[in-house]
Amino acid sequence: MKNYMPKGRLTAEEYINGILEGDRVLLSRAITIIESNLESDKLLAKEIIQSILPNTGNSIRIGITGVPGVGKSTFIEAFGKHLISKGKKVAILSIDPTSQRSKGSILGDKTRMEELANLEDAYIRPSASGDTLGGVANKTGETVLLCEAAGYDVILIETVGVGQSETAVHGMTDFFLLLMLSGAGDELQGIKKGIMEMADMVVINKADGDNIRKSELAKRQYQNALHIFPPSESGWSPVVSTASAIENIGIETVWDEILKFKKLVTENGYFHKNRNHQQIKWMYNNINEALKNLFYGSKSIASQLKVLENEVVEAKISPVKAAQQIVDAFKKSF
Ligand code: GDP
């Protein structure tokens, strides 16, 4: 198996040059290498990432979440087109842990953003499928870097607002946007308080037709709700607005607010502080994951754990002592 190189792979340099020239085909092929679990691809991926690092970071990274049906794809299509009209190059990525099970990614179906997908300055990449959320987050994080090196200056990362993936997306973005609907309680929308707390902006979508009045009401309710949260370290107070993605109303406001946010956090230093913090956290997440795999992947540890489990159940040893004992045994094995 060693160093088996799949057919059609190019040299690292060819991918790197292609990405830096903004070649979308080579960008896509490089992302495929990032997503691959083959050992030879992992080596290639490391080399590509390492070389493009100096060309990364020059974008605003925006997380977008909301329950299925809230209008994320429709919103991203309208928002993406608006950004492109402003001269931006937009990359759209997603984290979708459910795709592991259903095999259907939220962005897999490109027809949902057909117009946007056809624009030269938009790059849409379906969610990486994966083993663990940590693994998927790694792949998405590295894909962000490749897109930045390819010249995309707005990166949108979409996620379904129901679980842990929001924390992962929040951990790799500068601005977190939550899409909501009027007339449905938070519980109904499956949005956890923690997700509300992460939001830099809440947009009440589908504010059109009979829904306009209800949306205005919801806007005030969310404004009140957000006031209860402690002020964010960024110095930014979350804003609430209404929009109709389908009628292209309120889209500009979202971008204007993001620009205001960017100005504030650049001036007060939070933008870079937060990015640095995210990089360090990313490293530690990987260390933690690697250590866990090392420990639980050891055959000797696995067999000792079985014995200890029984002893703990039979009250022969306390759980605390058992944990200490096995970690000590692990330390000695080096
Ligand atoms: P997602 O699952 O969050 O990506 O939601 P979609 O973008 O697929 O939208 C779900 C449904 O809501 C579709 O039928 C859309 O046409 C509709 N929709 C999206 N945005 C709006 C909007 O602003 N107003 C109205 N009335 N319908 C919308």
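The values are calculated or read from the model by the stated rules, or taken from the named source; none is laboratory data. The structure presented is a predicted model; accordingly, all values stated were derived computationally and were not measured. Positions of Cβ are generated from backbone atoms using ideal geometry, with glycine treated the same way; all protein chains shown enter the neighbour counts. Each accessible area value is taken on the protein alone, full model and side chains, heavy atoms only, with ligands, DNA and RNA left out. Shrake-Rupley method; radii C 1.70, N 1.55, O 1.52, S 1.80 Å.
Just a few scattered comments:
- Shown are 222, 270, whose ranking by accessible area with a 1.4 Å probe and every protein chain present, most to least, is 270, 222.
- Share of carbon and sulfur in the accessible heavy-atom surface of the chain [1.4 Å probe, %]: 54
- Residue 329-residue 132 FRET efficiency (beta carbon distance; Förster radius 25 Å; 0.05 resolution): 0.45
- Other residues within the sphere of radius under 12 Å centred on the Cβ of residue 265, judged by their own Cβ, net out at +1 (K and R +1, D and E -1).
- Rounded to 0.05, the FRET efficiency of the residue 37 and residue 7 pair, given R0 = 22 Å and the Cβ-Cβ distance, is 0.85.
- Relative contact order (%) - criterion: Cα under 8 Å, at least six apart; region: the chain: 17
- When nucleic acids and ligands are ignored and a 1.4 Å probe is applied, residue 330 ends up with an accessible area of around 30 Å².
- Using distinct alpha-carbon pairs, which all enter the 1/r mean, Kirkwood radius of the chain in Å: 21.9
- Neighbour cut-off at most 12 other Cβ (10 Å), DSSP loop, GluC sites (Glu not before Pro), the stretch 281-319: 314
- For the chain: accessible area per residue (Å², 1.4 Å): 53
- When the listed pairs 72/219; 299/321; 86/263; 7/89; 214/260; 7/299 are checked against a 25 Å cut-off, the alpha-carbon distance exceeds it for 7/89; 214/260; 7/299.
- Its Cα gyration tensor gives the stretch 3-64 an equivalent ellipsoid, and the semi-axes of that ellipsoid, as √(5λ) in whole Å with the largest first, are 21, 13, 11.
- Full extension of the segment from residue 320 to residue 220, taken as 0.36 nm per residue of separation minus the current Cα-Cα distance, would add 31.0 nm.
- Per-residue ellipticity at 222 nm, computed for the chain from helices alone with -39500 (n - 2.57) per DSSP H run of at least four residues, works out to -16500 deg cm²/dmol.
- Hull-based mean projected area of the stretch 182-321, where the convex hull spans the alpha carbons, in square nanometres: 13.8
- Cβ-Cβ FRET estimate between residue 118 and residue 86, R0 fixed at 25 Å, reported to 0.05: 0.85
- The length gained on full extension between residue 294 and residue 312, counted as 0.36 nm times the residue separation minus their Cα-Cα distance, comes to 4.2 nm.
- Residue 156 long-range amide H proximity, modeled H, under 5 Å: 62, 91, 92, 93
- For the chain, the longest principal axis of the C-alpha atoms and the axis of helix 319-332 are separated by about 70°.
- The angle separating the long axis of helix 39-52 from the principal Cα axis of greatest extent in the chain is about 50 degrees.
- Helix 212-228 and the long axis of the chain differ in direction by around 50°, with both axes built from C-alpha atoms.
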